[in-house]
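This report concerns only the one structure given below.
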Amino acid sequence: MAIDFIVSDVIPASPDEIYAAWLDSETHTDMTGGAATASDQVGGSFTAWNDFIMGKNIALVANTHIVQSWRTTIFKDEEPDSNLEINLVPVSNGTEITLIHTNLPEHGMQYKQGWVDHYFNPMKAHFG
């Protein structure tokens with residue numbers, strides 16, 4: 001049975017800053033603390049957290065929306081990629097970032113806290 005969840009937080013940066021950082025190798029690395037390779041093109045591949053995470057860009061809407069196929073090295077070969085939807089909405093103190101993570105394998109609930117620990121908290125430090 002596939003696992004789905006939604007997690008969100010407010011980051012002290014504009015949507016365009018977060019969007020650009022997510023899709024840029026150097027800035028993605030700086031904002032998370034884990035080495036990343038990124039692409040700002042639909043169909044482009046990416047890696048994050050020292051090749052622990054990998055996938056492709058499925059859809060990009062400048063400064064508001066990113067959809068990616070997503071998997072980690074923990075996924076078994078026969079497990080399909082999960083889907084990650086990133087929504088960026090401006091708010092008074094920055095950007096509300098909402099991640100809709102779907103089609104995760106049975107071990108996928110661990111990634112919900114992982115987004116907080118390895119993305120949201122480092123992003124707040126980076127942009128704050």
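Bear in mind that the values in this text are calculations on the coordinates, not laboratory data. Predicted model only: the values in this text are computed from it and were never measured. Positions of Cβ are backbone-derived with ideal geometry, glycine not excepted, and every protein chain shown enters the neighbour counts.
Things worth noting here:
- Taking only the Cα atoms of segment 3-127, the radius of gyration and Dmax are 13.4, 44 Å.
- Each of HIS101, SER25, ILE58 was scored by the projection of its Cα onto the charge dipole of the chain, and the greatest displacement toward the positive side belongs to HIS101; charges sit on the C-beta of Lys, Arg, Asp and Glu.
- Among the GluC sites (Glu not before Pro) in segment 4-81, those placed in a DSSP loop whose Cβ has at most 14 other Cβ atoms within 10 Å are GLU78.
- Potential lengthening of the chain between ALA125 and VAL61 amounts to 20.5 nm, from the contour at 0.36 nm per residue minus the alpha-carbon distance.
- Helix-only arithmetic for the chain: the sum of -39500 (n - 2.57) across DSSP H runs with n ≥ 4, divided by the residue total, places the mean residue ellipticity at 222 nm at -6000 deg cm²/dmol.
- ASP4 paired with ASP77, simple spin-label distance in nm, labels 7 Å along Cα-to-beta-carbon: 3.0 nm
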